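Below is one structure, written out as structure tokens; comments come after it.
The values are calculated or read from the model by the stated rules, or taken from the named source; none is laboratory data. Worth saying up front: this structure is predicted, and the values here are computed from it rather than measured. Please note: Cβ atoms are built from the backbone with ideal geometry, for glycine as well, and neighbour counts cover all protein chains shown.
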Amino acid sequence: MSRVADTMNHWLSFPENIGKLMFSSRTQDTHNENTGFSSIPADILDTPKEFIFFLDVPGLSKTDIQVTVENEHTLVIKSGGKRKREEVEEEGCKYIRLERKPPQKRMRKIRLPENANASAITAKSENGVLTVVVEKLPPPPKPKTVEVAIA
């Protein structure tokens, strides 16, 4: 960023990403030393009827991933970080190099907006991407004004 933009950003205190205010994450974007978990990168799509979360979970099967809701408004995604090494069936074969890291223990907590329906959540894992769909609650009915005749 240029010096002018940095100064304006500082003076006006604009966040770099407004979406982080609405969908705040409870974990850091990097490895969290206190819990042993690292964060899961996510893209969040707001549609008229639902919120859709796309999270990277490469190398994990759907049985390795947990999706839960805490306190009615916190979406929690966890993975155990286990990957089985391909077994060598032939006698005398062994790995000479192992460069691919096994997945780490990962967790992401995302605060859901007030209009999210925590009881209507679906999730699917395909090609290393976990897609979580959270339906929105219908908007509250507008208050009716009733005119009362004065006798």
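Out of the range 102-119, which residues are farther than 17 Å from Gly59 by Cβ and part of a loop (DSSP other than H, G, I, E, B)? The answer is Leu112, Pro113, Glu114, Asn115.
Answer yes or no: is there a residue in the range 53-71 that is at pLDDT 90 or above, exposed (fewer than 15 other Cβ atoms within 10 Å of the Cβ) and part of a loop (DSSP other than H, G, I, E, B). Yes: the range 53-71 contains one or more residues that are at pLDDT 90 or above, exposed (fewer than 15 other Cβ atoms within 10 Å of the Cβ) and part of a loop (DSSP other than H, G, I, E, B). From the list Glu114, Glu90, exactly one residue is loosely packed, with under 15 Cβ neighbours inside 10 Å and at pLDDT 85 or above. Which is it? Criteria check complete, one pass: Glu114. Scanning the range 120-151 for residues that are within 30 Å of Ser61 (Cα to Cα), of a type outside the set (Val, Ile, Thr) and surrounded by 12 or more Cβ atoms within 10 Å (Cβ to Cβ) returns Ala120, Ala123, Ser125, Leu130, Glu135, Lys136.
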